[in-house]
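> Please find one structure pasted underneath; my questions will follow.
The values are calculated or read from the model by the stated rules, or taken from the named source; none is laboratory data. Just so you know, these numbers come straight off a predicted model, no measurement behind them. Quick reminder, even Gly has a Cβ in these numbers, built from the backbone with ideal geometry, and neighbours come from all protein chains shown. Heads up: the accessible areas ignore ligands, DNA and RNA and are worked out on the full protein's heavy atoms, side chains in. Shrake-Rupley method; radii C 1.70, N 1.55, O 1.52, S 1.80 Å.
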Amino acid sequence: MKNIKVKLISIVTLAMLMATTLLSGCGASSPTAATAAADNSKSAAQPSTPASTKLVLYSALNDSDITWIKQQFKQDTGIEIENLNFSAGDAAARVVAEKAAPKADVMIGGSVEFYDNIAKEGVLEKYTSPNTKGLDNQFIDPNGYWQGWYMGVLGIVYNTDRFKNEMAPKGIKEPVIWDDLLNPAYKDLYVTSNPASAGGGYIFAADQLFRLGDQNGWDYLNKLNQNVHHYTATAGDPITLVATGQFIVGMAWAHDIETQMKKGYPIKVVVPDQTAYEIGGAAIVKGGQNTANAKKFIDWLLTKPVQEKNRDNSNRYSVMKNVTPPQGMIPLANVSLVNYDRSKASAMKADVVKKFTEMIGSKTAK
């Protein structure tokens with residue numbers, strides 16, 4: 001009997017141990033499972049991080065451009081734009097200087113040559129918008145760092161009142177080609193932009209080198225320098241100086257001249273033969289705080305309503321084939337363009353700017 005009792009106790013003990021093991025295996029009373037369940041419950045209760053409603057732009061656009069862009073983008077997306085305005089060169093330099101701790105999400109405005117150069121510094125994020133479908137390849141960076149979203153051509157601006165009163169009596173005809181600007185009568189009455197800081201200034205210098213060849217091009221720039229009163233920091237400044245009568249003639253983007261002319265200033269725009277053109281750029285800054293919104297912004301720029309509004313507000317040509325030319329501007333098909341090698345222009349920019357800076361000396365704007 002004693003042996004039977006011992007066996008019964010052993011069987012009962014073994015059964016209890018097995019039951020405990022089974023329950024633990026199912027996790028019904030496992031402390032680990034309970035803790036995990038509690039953790040999951042806590043995670044489920046945590047609110048998700050709200051999507052950013054902010055975008056920081058470094059802009060090389062006019063104030064009037066950035067004003068409507070900020071208003072329209074917020075209306076369309078709910079995203080608030082903060083911006084700082086620079087010349088294209090200064091904006092590019094700042095993006096590079098902040099490489100270790102980027103402050104901007106997007107750089108916009110200025111010709112794509114500036115973007116090619118800073119892309120090599122590793123400061124731009126690769127992104128190709130789905131809205132590029134149907135665009136000409138020249139408006140899309142083959143390396144994926146920048147996006148072209150408008151076109152502009154260089155032009156001559158002159159003050160019609162001062163020209164009529166001061167130049168016409170001397171028998172001087174209105175300037176219609178680039179070589180007309182070499183007339184000694186324009187000495188200290190001509191103002192233009194600095195290639196070191198302004199996209200338009202650099203493209204103008206490259207224009208002369210491409211249309212005349214290297215040696216003749218530099219000869220032209222040297223002769224023209226004799227007429228230049230000073231070189232402004234941005235491409236748009238000469239228009240204001242000519243429009244307000246401080247100077248008689250200048251060089252700037254034709255669309256910006258047209259915009260000022262429509263405001264009633266006594267100026268005229270001329271698009272010379274063998275002029276150069278810009279592809280206005282936009283790019284996402286690598287490491288910015290609002291990259292998702294930056295991608296939305298690039299996509300937004302390449303929509304037809306935005307392209308049409310940019311055309312109407314700035315008189316720039318659209319990169320989209322189904323957007324008509326700006327009212328009052330010469331159709332792009334009628335513009336005589338120089339054979340502008342954009343890759344070469346980007347590659348030679350540093351050397352051209354250095355040589356140009358040495359040539360003009362202290363003539364930069366104060």
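> With θ taken as phi - 60° and the coefficients 6.51, -1.76 and 1.60, list the Karplus ³J(HN,Hα) couplings across the stretch 345-357 in order, rounded to whole Hz; mark glycine and proline as x.
So the J values, rounded to whole Hz, are 4, 5, 5, 8, 4, 4, 5, 5, 4, 4, 5, 5, 4.
> Moving on to the next point. For the chain, modelled as a GNM with alpha-carbon contacts under 10 angstrom, which of Gly89, Gly250, Gly264 fluctuates the most?
For the chain, modelled as a Gaussian network with Cα springs under 10 Å, the answer is Gly264.
> In terms of Cα to Cα distance under 17 Å, which aspartates and glutamates are near enough to Lys126, apart from those fewer than 8 places away along the same chain?
List returned: Asp105, Glu113, Asp116, Asp141, Asp299.
> If you place +1 on the Cβ of every Lys and Arg and -1 on the Cβ of every Asp and Glu, how big does the dipole about the Cα centre of the chain come out, in debye to the nearest 20?
That gives the chain a dipole magnitude of about 1520 debye.
> What number comes out for accessible area per residue over the stretch 168-248 if the probe is 1.4 Å? Units Å², please.
38 Å²
> Oh, and also: Mind listing the long-range amide H neighbours of Glu125? Cut-off is under 5 Å, sequence gap 5 or more, other chains count too, H placed in the peptide plane at 1.01 Å from N.
Residues meeting the criterion, in which the H sits 1.01 Å from N, are Ile284, Val285, Lys286.
> Let me ask something else. Here are some pairs, Lys99/Lys133; Lys262/Lys354; Lys103/Lys354; Lys54/Lys309; Lys223/Lys262; which of them have Cα atoms lying more than 27 Å apart in this structure?
Long pairs (Cα-Cα over 27 Å): Lys99/Lys133; Lys262/Lys354; Lys103/Lys354; Lys223/Lys262.
> Need the list of lysines near Lys349 for cross-linking: C-alpha distance under 19 angstrom, and skip anything on the same chain fewer than eight residues off.
Correct list for Lys349: Lys120.
> Continuing with this model, one more query. To the nearest 500 deg cm²/dmol, what mean residue ellipticity at 222 nm is calculated for the chain from DSSP H runs of n ≥ 4 alone, each contributing -39,500 (n - 2.57), summed and divided by the residues?
So the helix-based figure for the chain works out to -13500 deg cm²/dmol.
> Give me, ordered by chain and number, the residues 5 or more places off Val56 or on other chains with an amide H under 5 Å from its own placed amide H.
Placed amide hydrogens put Glu82, Asp105, Val106 under 5 Å from Val56.
> Let me ask something else about it. Please determine, in degrees from 0 to 90 and to the nearest 10, the orientation of helix 214-225 with respect to the longest principal axis defined by the Cα atoms of the chain, where the helix direction is its Cα long axis.
70 degrees
> At 1.4 Å probe radius, can you tell me the per residue accessible area of the stretch 46-164 in Å²?
Ligands and nucleic acids excluded, the result is 46 Å² per residue.
> Percent of accessible area on the chain owned by carbon and sulfur, 1.4 Å probe?
54 percent
> Would you list, by chain and number, the aspartates and glutamates whose Cα falls below 16 Å from the Cα of Lys173, excluding same-chain residues fewer than 8 positions away?
Within reach: Asp161.
> What is the antiparallel percent of DSSP beta bridges lying wholly in the chain, to the nearest 5?
Percentage antiparallel, nearest 5: 60.
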